[in-house]
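Everything on this sheet refers to the single structure shown next.
The values are calculated or read from the model by the stated rules, or taken from the named source; none is laboratory data. Please read these numbers as outputs of a predicted model, since none were measured by experiment. Cβ sites come from the backbone with ideal geometry, for glycine too, and all protein chains shown count toward neighbours.
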């Protein structure tokens, strides 16, 4: 009896998965489990896979997650395909696609919010790395692993921080005023009866404004990049602001609901909530209420 190719292929795939082993899925929430601080997380990432990340937002490239999966399950992902020097969003998406494929191979149930992570926003990346740390702890067997050797010579350059590069763009050099004010060279007056010579064709073809036009286009491109980076940074700041405002609002409601049960503690909490810095001007009540009605904090 002949065996079909599809059956043979299925058996091979099943044997390959069995050799890898299946991942232990982790389900946790901020209510049921404790999370590491951002500083502890950054130290763990850099020490474990020999990276030099300085901010949670830099995890948006997806490269670190790919190496962690290679550390846990070496056969589920090829680090040759990972872009460890990714700087652009489409490169981040490429890395996260590799991560998604490795999750699928290991039967990891977690859904990766790629569209949110690649934007480099703090809260999205913090929540995902906190989950991933628990996933890593549940699956790591303590075996030796050389992250630098595993990258096979690829330099793991941290991605730029969202909104950071906009202040380090090269400025357009200002032209020296002395050069523009230099006195023109005197030309000898033509002899009587002689006709002035015409400029050569090579001189006529010179376009003194072409270089300036090229510099202007470069400067415009830099300004557009600044605007895009500022918009991205602003979105992240606004989302983080709304997140913490929502937390404070929940605390305020709890204080109002249980104000009579523990008056001393509630009073101390409300004092902290309503404390203002020196020189702070409280907005008008109507304006604040209008903002609360038109904009609700996002849920996480």
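On the given criteria, is residue 104 part of a helix (DSSP H, G or I), closer than 17 Å to residue 25 by Cα and more than 18 Å from the chain's Cα centre (by Cα)? Judged against the criteria, residue 104 is a match. Only one entry in 270, 218 is surrounded by 10 or more Cβ atoms within 10 Å (Cβ to Cβ), at pLDDT 70 or above, in contact with a helix residue (DSSP H, G or I) (Cβ under 9 Å, 6 or more places away or on another chain) and not assigned by TED's automatic domain parsing to the domain that holds residue 57, namely 270.
When 96, 84 are screened for being modelled with pLDDT of 95 or more, assigned to a loop (DSSP other than H, G, I, E, B) and surrounded by 13 or more Cβ atoms within 10 Å (Cβ to Cβ), only 84 passes.
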